[in-house]
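Asks: For reference, the structure I am asking about is given below.
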Amino acid sequence: MLEVKNLSVNFKFVEAVRNVSFVLENRESLGILGESGSGKSTLALALLRLITPPGKIISGKIILNGRDLMGVSDKELMKIRGAKISMIFQDPFTSLNPVFTIGDQIIETLCLHQGLNRKQARDKAVEMLDLVHIDNPDERINNYPHQFSGGMKQRAMIAMALACNPEILIADEPTTALDTTIQKEILDLFDELKNKLGFSIIFITHNFGIIRKMCSRVLVMQKGEIVEEAKTGDLFNNPKHPYTRELIDSLKVLNAA
């Protein structure tokens, strides 16, 4: 479904992502694991060609269903984002526009990508809020982000990202700003929706618990490079790369403390 070949991203003289290659299969849950600053989020943004100056994709291919996204125009790319491949950003508190209602922000996406009129888009938005288990979606659609709790904001972000039935969802640290109980609810929701809607998902995280619970395969990133790739069980039971072993050992130390 998605094939990335030798992708590199530079910020002037800093190589943030270096010669990254991987494949995402249909309906797969792929984890990208690494410490802060390892290049995970930069890689996620690069997959949607959202790198802004002074950053630049300097080489590589991003092949979605046989088509290299590096060769499409900005206008074509606008049609692909949200419709074919969608992303949930790190912090739901800052990702939603505070001056527009939750409904308006989902409706805009539906009108842009699916050509629906406003009434049709509103009905679909209500359906999406219901799908992510927001109570009273007919009323909540008229609320502004500040009227939603952190968990509800994240649910609204998921609803927005899935509104146009993308084939691939990128979730960049989707539970970082949430407390432990809400984190579990959101992860269970991802699992439910993936089984129901059949999309592939990439989890960008430094959280070992998310990797264990959600991902069948893992890429480990260090200093912009993928240093190890393995099935999740194999990675935890028999890590090959010294950096991966250090990450897992650090978790053991924390647990012991």
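The values are calculated or read from the model by the stated rules, or taken from the named source; none is laboratory data. Just so you know, these numbers come straight off a predicted model, no measurement behind them. Here Cβ is always computed from backbone atoms with ideal geometry, including for glycine, and neighbour counts include all displayed protein chains.
Asks: Among the residues that make up region 14-29, is at least one of them without any contact (Cβ under 8 Å) to a residue 24 or more places away in the chain and either surrounded by 21 or more Cβ atoms within 10 Å (Cβ to Cβ) or in a strand (DSSP E or B) (or both)?
Replies: Within region 14-29, one or more residues are without any contact (Cβ under 8 Å) to a residue 24 or more places away in the chain and either surrounded by 21 or more Cβ atoms within 10 Å (Cβ to Cβ) or in a strand (DSSP E or B) (or both).
Asks: Filtering region 40-88 down to residues that are outside any loop (DSSP other than H, G, I, E, B) and out of contact with any strand residue (DSSP E or B) (no Cβ under 9 Å at 6 or more places or on another chain), which residue is modelled with the highest pLDDT?
Replies: That would be R67.
Asks: Tell me, which helices (runs of 4 or more DSSP H) wholly within region 108-168 include 3 or more residues that are within 22 Å of the chain's Cα centre (by Cα)?
Replies: 118-131, 150-162
Asks: Now for a different question. It is to be established whether one or more residues within region 24-38 are farther than 26 Å from E192 by Cβ and basic (K, R).
Replies: No, region 24-38 contains no residue that is farther than 26 Å from E192 by Cβ and basic (K, R).
Asks: Residue check: is L69 free of Cβ contacts under 8 Å to residues at least 40 places away in the same chain and under 18 Å from the mean Cα position of the chain (by Cα)?
Replies: Considered against the rule, which asks whether it is free of Cβ contacts under 8 Å to residues at least 40 places away in the same chain and under 18 Å from the mean Cα position of the chain (by Cα), L69 comes out as yes.
Asks: Next up: Just the residues that are surrounded by 15 or more Cβ atoms within 10 Å (Cβ to Cβ) and outside any loop (DSSP other than H, G, I, E, B), please, taken from region 1-10.
Replies: Within region 1-10, L2, E3, V4, K5, L7, S8, V9, N10 qualify.
Asks: Just checking, does region 113-121 include any residue being more than 25 Å from K75 (Cβ to Cβ) and surrounded by fewer than 16 Cβ atoms within 10 Å (Cβ to Cβ)?
Replies: Yes: region 113-121 contains one or more residues that are more than 25 Å from K75 (Cβ to Cβ) and surrounded by fewer than 16 Cβ atoms within 10 Å (Cβ to Cβ).
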